[in-house]
């Protein structure tokens, strides 16, 4: 197949414009699929954020909640620092995947006080069950704050 000058005049600008558009504009629909490194990073961040915001979503509208120590909610509460640390690590190790505003927010996530701003233990009450020696049940009162997903910054 032979390419003539008229075809080149048409296809060269189209290819160049397409390449420039892909480089300049982040194509969220393609990056979330995982075509790029940033797409994979964003998938991991969104997964970690779903875990970190579980309590906030499941108890929306509540500022203080009581959690049974043997419940799934308590497991999510205990793992919250690890989830936030994972988000911070992903953001810190892949700064090119985030905007300047998002990088500033990621720095805040790394501060020790940030975890307490999302969910902080207030009171822990333990009841010892006399029928089962050595086992106890209890509840923890937690003050819920807020967490804004990185994509909204």
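Residues are listed down the side, and each one gets a yes or a no for (1) surrounded by 10 or more Cβ atoms within 10 Å (Cβ to Cβ); (2) modelled with pLDDT under 75; (3) within 30 Å of residue 89 (Cβ to Cβ):
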{"position": "1", "(1), (2), (3)": "no, yes, no"}
{"position": "12", "(1), (2), (3)": "yes, no, no"}
{"position": "20", "(1), (2), (3)": "yes, no, no"}
{"position": "27", "(1), (2), (3)": "yes, yes, yes"}
{"position": "33", "(1), (2), (3)": "yes, yes, yes"}
{"position": "37", "(1), (2), (3)": "yes, no, yes"}
{"position": "40", "(1), (2), (3)": "yes, no, yes"}
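With respect to residue 55, is the statement that it is assigned to a helix (DSSP H, G or I), in contact (Cβ under 8 Å) with a residue 40 or more places away in the chain and within 14 Å of residue 140 (Cβ to Cβ) true? Spelling it out, residue 55 is indeed assigned to a helix (DSSP H, G or I), in contact (Cβ under 8 Å) with a residue 40 or more places away in the chain and within 14 Å of residue 140 (Cβ to Cβ). Of all residues in region 1-20, none that is touching a residue at least 12 places away in the same chain (Cβ under 8 Å) and at positive phi has its Cβ atom under 9 Å from the Cβ atom of a residue that is surrounded by 10 or more Cβ atoms within 10 Å (Cβ to Cβ) and not in a helix (DSSP H, G or I), 6 or more apart or on another chain. Counting the residues of region 58-94 that are surrounded by fewer than 16 Cβ atoms within 10 Å (Cβ to Cβ) and part of a loop (DSSP other than H, G, I, E, B) gives 6.
The values are calculated or read from the model by the stated rules, or taken from the named source; none is laboratory data. A quick note: this is a predicted structure, and the numbers were derived from the prediction, not measured. All Cβ positions, even for glycine, are placed from backbone atoms using ideal geometry, and neighbour counts span all protein chains on display.
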